[in-house]
Amino acid sequence: AASAIVNYRRARDLDPQSSLADDALWWGGRLLQAAGRFDDAAAQYATLVSDYRGSKWAADAGFGRGLALYSGGDRSSAARIWSTLADATDSDGLRARFWRGRALTEDGDAEGNRILQALVSEPAAAGDFYALRAEVLLGKNVAAIKQPKIDARTPDWKRLAQYLTDVRATETADG
């Protein structure tokens, strides 16, 4: 893995304009993180985010930077990184808010509990994975006090069959 880390970085450094430069930073960062080199991984992700904003990896690298810092024990820096991502209205924003709240809570900052509670209370987040995880951290989603709501609807078999027929036709036409 050590030689792969070096070669990924070298690939980016040899040609920063290459269409593979962002891939090299991403996969190098992942290897650094897996090797426990959290500060190096965070720095690599930061480079990817700043130099390749349009990359398919940019959003994940932004979150990964925070996760690398968190994994290395720097929860306050991780929370700052995630605060910049928490305004997104999609699942990435919910994920960043959950992890920010978790990091602050683990650091003993009461703001963390407020963030987690806001996530749980937000109607748009109802049923979301990260809202449910926030409930668990807050002790509000324990099987002894809250039963799951399972809606056992009958599948629309005709619609599913039509979808499969359409997908098969598309795949056959594409070769």
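Results for (1) farther than 20 Å from Gln33 by Cα; (2) open to solvent by 40 Å² or more (accessible area, probe 1.4 Å); (3) touching a residue at least 12 places away in the same chain (Cβ under 8 Å), shown as yes or no for each residue.
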site: Ile81; (1), (2), (3): no, no, yes
site: Ile115; (1), (2), (3): yes, no, yes
site: Val120; (1), (2), (3): yes, no, yes
site: Pro123; (1), (2), (3): yes, yes, no
site: Leu138; (1), (2), (3): yes, yes, yes
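Residues considered: Asp23, Asp13, Asp90. Of these, the only one that is open to solvent by 20 Å² or more (accessible area, probe 1.4 Å), out of contact with any helix residue (DSSP H, G or I) (no Cβ under 8 Å at 6 or more places or on another chain) and under 24 Å from Glu135 (Cα atoms) is Asp90.
Applying the criterion of being polar (S, T, N, Q) and assigned to a helix (DSSP H, G or I) to the residues of region 70-99, the residue that is nearest to the chain's Cα centre (by Cα) is Ser91. Note on region 59-69: among residues that are among the aliphatic types (A, V, I, L, M) and under 11 Å from the mean Cα position of the chain (by Cα), the one that is surrounded by the fewest Cβ atoms within 10 Å (Cβ to Cβ) is Ala59.
Scanning region 33-58 for residues that are part of a helix (DSSP H, G or I) and in contact with a Phe, Trp or Tyr (Cβ under 7 Å, 6 or more places away or on another chain), which turns out most open to solvent (accessible area, probe 1.4 Å)? Out of the qualifying residues, it is Ala58.
The set of residues in region 2-17 being more than 17 Å from Ser55 (Cα to Cα) and free of Cβ contacts under 8 Å to residues at least 24 places away in the same chain consists of Ser3, Val6, Asn7, Arg10, Leu14.
The values are calculated or read from the model by the stated rules, or taken from the named source; none is laboratory data. Here the structure is a predicted model, which means the values were calculated and not measured. Please note: Cβ atoms are built from the backbone with ideal geometry, for glycine as well, and neighbour counts cover all protein chains shown. In case anyone asks, the SASA skips ligands and DNA or RNA and just uses the protein heavy atoms, side chains included. Shrake-Rupley method; radii C 1.70, N 1.55, O 1.52, S 1.80 Å.
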